[in-house]
1. Of (1) assigned to a strand (DSSP E or B); (2) within 13 Å of the chain's Cα centre (by Cα), His17 satisfies all except one. Which?
2. Tell me which residues, restricted to the range 41-67, are over 15 Å from the mean Cα position of the chain (by Cα) and farther than 23 Å from Thr7 by Cβ.
3. Name the single residue, out of those in the range 62-100 being hydrophobic (A, V, I, L, M, F, W, C), in a strand (DSSP E or B) and under 14 Å from Arg22 (Cβ atoms), that is most open to solvent (accessible area, probe 1.4 Å).
Amino acid sequence: MTAPATTRAEECDRALHLVASRQLAAASSLQRWMGIGFLRATELLDELHRKGWVGPADGSKSRTVHARRCEQCGRIGRRGFRHLRDDEHGISITVCSHNAACRKRWPKPQHDDA
């Protein structure tokens, strides 16, 4: 039994999700993550470039990533993101400012119960 074929749009959406999540737009990485050939990976990156999600090819370097992914709601976009850090616990997170739950301050400040 063969797996159902994915459409080009689904494949492009999956590539965008992977690139935005990992902040790396390199054909070899996309090839490894998606289990596709190098030529198909470069075609996907070229399509993401045409849509404005990644920068142009620059030789063997990875492309600049313009997309961000909110780690709370999963939204992918180019603007309206903040990178929040909690140095005490060594945690950092990227959140968007469009979803009400994501706009709230993270992590929540500790309350003194005394």
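1. His17 satisfies all of (1) assigned to a strand (DSSP E or B); (2) within 13 Å of the chain's Cα centre (by Cα) except (1).
2. Scanning the range 41-67 gives Pro56, Ala57, Asp58, Gly59, Ser60, Lys61.
3. Ile76
Let's see how each residue does on (1) open to solvent by 30 Å² or more (accessible area, probe 1.4 Å); (2) in contact (Cβ under 8 Å) with a residue 24 or more places away in the chain:
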{"position": "Leu16", "(1), (2)": "no, yes"}
{"position": "Ala20", "(1), (2)": "no, yes"}
{"position": "Leu24", "(1), (2)": "yes, yes"}
{"position": "Leu30", "(1), (2)": "no, no"}
{"position": "Met34", "(1), (2)": "no, no"}
{"position": "Gly37", "(1), (2)": "yes, no"}
{"position": "Leu44", "(1), (2)": "no, yes"}
{"position": "Leu48", "(1), (2)": "no, yes"}
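The values are calculated or read from the model by the stated rules, or taken from the named source; none is laboratory data. Keep in mind that what you see is a predicted model, and the values were worked out from it rather than measured. All Cβ positions, even for glycine, are placed from backbone atoms using ideal geometry, and neighbour counts span all protein chains on display. Each accessible area value is taken on the protein alone, full model and side chains, heavy atoms only, with ligands, DNA and RNA left out. Shrake-Rupley method; radii C 1.70, N 1.55, O 1.52, S 1.80 Å.
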